[in-house]
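One structure below.
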Amino acid sequence: MPRPASVSLPHQRRGFAARQSWEAGDDVDLDSVAYGYMASQALFCALELGVFDHIASGAAGASAAAIGEACGISSPRLQTLLTSLVAIKCLRLNEGLYTLSPNTAKSMVVSSRHYYGDYLRYQIGRQFYHTMGKLPEVMTTGKAPNYASWFSDPETAKTYTQAQHNGSVATATYLVKKKLQLGGGISDMLDVGGGSGAFSYVFVGATPGLKSTVLELPEVCRTGEGIRAQQSEDVQSRVSFVELDATSPDWPVKENSFDVVLMSYISGSVPEPIIGKLYANAYKALRSGGRLLVHDFMVDDSLDGPALGALWGLQHVTVNADGLGLCPREIISRMASSGFDAKSCETMEMIHGMTKLIVAHKA
């Protein structure tokens, strides 16, 4: 029903996607929050159809007709999608030609070295997006699948692991180059819940003589071994996979045998009571002077953001109903209970607004 002309919108109400971030402003923009799923589906759909790659293939942009021909869509619905992509700033429209925004060109085009569209397309768009629809039920009942049951399906495990790989390589490279000095004198690394082995490939490639053992679920190991086969012969020879549910109380490794134990994206993927046990096992596995590296989505200790870290923790509830929303204080307290010195723990920002790295040292 049309709104009477005398009724105006509240002054603070904004158009869709008007904010630059969730943190902008002093109050919630309810419409942008409620309609946010529409924007994410527009992005995922464009990735599925190859819209960004089609536009990138032309030097001066592409018309709607040319994009439609490349995508095999002649219906007006394609124009509706393109208009939405312009509205949320993924695309730009000038004199009938569509071009990519700088961020889209950098991160959503397959040929770009900064590409991580597969992570969004497959893991977020095809997997987590659908689990979020069950959030109210999971909140009420506390019943949700866990990673072990989820990944028992070979296709699910393959899709998740392959989608995560590209993003993890970039994160691991940034960690090694900008945040963490691995130094010499380290020879053995344990990569717990290491997925495709992305962090291990980067760490081993950057550290002569370093060997890494990846502990992972069986179906994930199979996908990881396929990705390992794509690495250099030197890296392949120094990275191995061992099948294990990391929540198991006993790890198939010798005590006091590793210089580095890495846990990336695992602390937020297990039930809360398991987290401390993971760190206790890491402490036993480390040699004196060794380091435990915990990298994950986290919020600040003040528990008021950042928003993307908080929202990731919330979506993880749908596959880990008894998990813990992570912040540095919660991680460090459990490290200390496992034998690490809390005072020497270091906290570093990794992916801005989303992930952090906590480094603990074994005396």
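The values are calculated or read from the model by the stated rules, or taken from the named source; none is laboratory data. Keep in mind that this is a model prediction, so the values were computed, not measured. Cβ atoms come from the backbone with ideal geometry, glycine included; neighbour counts cover every protein chain shown. Protein only, heavy atoms only, side chains kept; ligands, DNA and RNA dropped before computing areas. Shrake-Rupley method; radii C 1.70, N 1.55, O 1.52, S 1.80 Å.
Please list 358, 332 from largest to smallest accessible area, probe radius 1.4 Å, with all protein chains kept in place.
332, 358
Apply the Karplus curve 6.51 cos²θ - 1.76 cosθ + 1.60, θ = phi - 60°, to the phi angles in region 303-309 and return the couplings in whole Hz, x for Gly and Pro.
Result, rounded to whole Hz: 6, 10, x, x, 4, 5, x.
Given the convex hull of the Cα atoms of region 55-202, what is a quarter of its surface area in nm²?
Numbers: hull surface 53.1 nm².
Projected over every direction and averaged, the Cα hull of region 55-202 covers 13.3 nm².
Dividing the alpha-carbon radius of gyration of region 108-169 by 2.2 N^0.38 Å (N being the number of residues), what value is obtained? It would help to have the intermediate numbers written out before the result.
Numbers: Rg = 13.8 Å, N = 62, 2.2 N^0.38 = 10.6 Å.
Ratio of Rg to 2.2 N^0.38 Å for region 108-169: 1.30.
Put 43, 215 in order of accessible area, largest first, 1.4 Å probe: what do you get?
Correct descending sequence by accessible area is 43, 215.
Just the ratio, please: alpha-carbon radius of gyration of region 204-309 over 2.2 N^0.38 Å, N its number of residues.
1.19
For residue 165, what accessible surface area do you get with a 1.4 Å probe? Give it in Å², rounded to 10.
Taking all protein chains as shown, residue 165 has close to 40 Å².
Mind listing the long-range amide H neighbours of residue 91? Cut-off is under 5 Å, sequence gap 5 or more, other chains count too, H placed in the peptide plane at 1.01 Å from N.
Amide H to amide H, under 5 Å and 5 or more residues apart or across chains, residue 91 pairs with 86, 101.
Which entries of 179/277; 178/277; 177/343; 284/362; 106/178; 254/362 have Cα-Cα distances beyond 18 Å here?
179/277; 178/277; 177/343; 106/178
Quick one: Karplus J couplings for region 281-298, per residue in order, coefficients 6.51, -1.76, 1.60, θ = phi - 60°, nearest Hz, x for Gly and Pro?
5, 5, 4, 5, 6, 7, 6, 4, x, x, 10, 9, 10, 10, 10, 6, 5, 8
Just flag the trypsin sites (Lys or Arg not before Pro) in region 222-254 sitting in loop per DSSP whose Cβ has no more than 11 other Cβ atoms within 10 Å. Show your work: numbers first, answer last.
Values: sites: 222, 228, 238, 254; in loops: 254.
Those that pass, being in a loop and sparsely packed, are 254.
Just the accessible area for residue 111, please: 1.4 Å probe, Å², rounded to the nearest 10?
Accessible area of residue 111: about 110 Å².
Taking only the C-alpha atoms, wrap a convex hull around region 321-363 and report its volume per residue in Å³ as a whole number.
Residue-normalised Cα hull volume stands at 78 Å³.
Under a 10 Å cutoff between Cα atoms, tell me which one of 236, 162, 181 has the largest fluctuation in the Gaussian network model of the chain.
Largest GNM mean-square fluctuation: 181.
Using the Karplus equation 6.51 cos²θ - 1.76 cosθ + 1.60 (θ = phi - 60°), what ³J(HN,Hα) coupling, rounded to whole Hz, does each residue of region 206-221 give in order, writing x for Gly and Pro?
8, 10, x, x, 6, 10, 10, 10, 9, 9, 8, 5, x, 5, 5, 4
Please compute the modelled spin-label separation between residue 152 and residue 352, points set 7 Å along Cα→Cβ, answer in nm with one decimal.
Going from the residue 352 label point to the residue 152 one covers 4.3 nm.
At 222 nm, what value in deg cm²/dmol follows for the chain if DSSP H runs of at least 4 each add -39500 (n - 2.57) and the sum is divided by all its residues, to the nearest 500?
-11500 deg cm²/dmol
Hey, can you grab everything whose amide H is under 5 Å from the amide H of residue 326? Only 5+ residues off in sequence or another chain; H modelled, so Pro and N-termini drop out.
Under 5 Å from the amide H of residue 326: 299.
What is the set of long-range amide H partners of residue 264 at a cut-off below 5 Å, with H atoms built 1.01 Å from backbone N?
When sequence neighbours closer than 5 places are left aside, the close amide H contacts are 192, 295.
For region 129-229, calculate the relative contact order in percent as a whole number, restricting contacts to Cα pairs under 8 Å that are 6 or more residues apart.
In percent, rounded to a whole number, it is 29.
How big is the C-alpha Rg of region 288-363 next to the rule-of-thumb value 2.2 N^0.38 Å, as a ratio?
Against the empirical 2.2 N^0.38 Å value, I get 1.12 for region 288-363.
Using a Förster radius of 22 Å, what is the FRET efficiency between residue 101 and residue 181 based on their Cβ-Cβ separation? Nearest 0.05, please.
It comes out at approximately 0.05.
Considering only protein heavy atoms, what is the solvent-accessible area of residue 140 at a probe of 1.4 Å, reported in Å² to the nearest 10?
Taking all protein chains as shown, residue 140 has close to 120 Å².
In the chain, carbon and sulfur make up what percent of the accessible area (probe 1.4 Å)?
54 percent
Report, in cubic angstrom per residue, the convex hull volume of the C-alpha atoms of region 192-241. Before the final figure, lay out the partial values.
Working: hull volume 2.8 nm³, N = 50.
Given the Cα convex hull of region 192-241, per-residue volume reads 55 Å³.
Length gain on complete extension for the stretch residue 77 to residue 89, per 0.36 nm per residue less the alpha carbon to alpha carbon distance? Kindly include the intermediate steps, with their values, before the conclusion.
Values: separation 12, 0.36 × 12 = 4.32 nm, distance 1.86 nm.
The span from residue 77 to residue 89 would gain 2.5 nm if fully extended.
Please compute the modelled spin-label separation between residue 28 and residue 322, points set 7 Å along Cα→Cβ, answer in nm with one decimal.
Each label point is offset 7 Å from its Cα along the Cβ direction, giving 3.0 nm.
To one decimal place, what orientation-averaged projected area in nm² is obtained for the convex hull of the Cα set of the chain?
Orientation-averaged projected area of the Cα hull: 21.8 nm².
Sorted by accessible area (1.4 Å probe), largest first, how do 277, 356 line up?
277, 356
What is the sum of charges around residue 117, taking Lys and Arg as +1, Asp and Glu as -1, for the other residues whose C-beta is under 14 Å from the C-beta of residue 117?
That works out to +1.
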